[in-house]
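Asks: Sharing a structure here in structure tokens format.
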Amino acid sequence: MKRQNIPNESKCLRRQIVAYVDGELNQREEFELEEHLAVCPDCRRELNDQKQMLHALDFALEKDEREFSLPENFTKVVVANAESKVSGLRRPQERFKALFVCSALFLLILLGLGDETNAVFSTFEKFFEQAWVVGGFTAHLIHDVAVGIAVISRSLCQRFIFTSAASLAGLLVFFVLTALIVSRLFVRQSRA
């Protein structure tokens, strides 16, 4: 390398120096940079500055880790504080203002639609009508399935449970185990 190129190279090698300190260069690039560092005092100074900065950061972070230990419920406390300070929509005046703004926007939309208002409302009417039909079908389906299960359960219970004390005890044990399993699932969900 020539002495004339050193100032220009020191400007373009700063990224390579950072990559060298971080261990991101391959062997060939490391060798070339080390050769350059042997002849360029500016790049050597930059390398030393980078190393000193990393040591200072390491020392500062190690010191902070020893001094700070967050409480176990830190997240819960922060969330509770944040939720308690968000009270804008909890006041009745804010709800009224929000309702007023939404109503005003709805009226502006109606005015903007002009002659197309009837077409838009008929589209919404058809949508809600079909949603009502699908909802009614779903409700009837759930009702019919529940009635079927009840009829089958009743006939099975009359046939097996009341004929022997052992089957009644087995059903009671099954019910208690089911209740325990469901309660544990709810406890796990509430902790998560």
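Asks: Would you mind telling me which numbered condition in (1) modelled with pLDDT under 80; (2) surrounded by 10 or more Cβ atoms within 10 Å (Cβ to Cβ); (3) among the acidic types (Asp, Glu) residue 144 fails?
Replies: Condition not satisfied by residue 144: (1).
Asks: Limited to the range 87-121, what total is found for residues that are of a type in the set (Gly, Ala, Ser), modelled with pLDDT of 80 or more and within 32 Å of the chain's Cα centre (by Cα)?
Replies: 1
Asks: Inspect all residues belonging to the range 29-50 and state whether any of them is open to solvent by less than 60 Å² (accessible area, probe 1.4 Å), modelled with pLDDT under 85 and part of a helix (DSSP H, G or I).
Replies: Among the residues of the range 29-50, not one is open to solvent by less than 60 Å² (accessible area, probe 1.4 Å), modelled with pLDDT under 85 and part of a helix (DSSP H, G or I), which makes the answer no.
Asks: Across the range 148-174, what is the number of residues that are modelled with pLDDT of 80 or more and either surrounded by fewer than 10 Cβ atoms within 10 Å (Cβ to Cβ) or β-branched (Val, Ile, Thr) (or both)?
Replies: Going through the range 148-174 one residue at a time, the tally reaches 4.
The values are calculated or read from the model by the stated rules, or taken from the named source; none is laboratory data. Bear in mind that the values here come from a model prediction, so they are computed numbers and not experimental data. Here the Cβ is made from the backbone with ideal geometry for all residues, glycine too, and neighbour counts use every protein chain on show. With ligands, DNA and RNA removed, areas are computed over all heavy atoms of the protein, side chains included. Shrake-Rupley method; radii C 1.70, N 1.55, O 1.52, S 1.80 Å.
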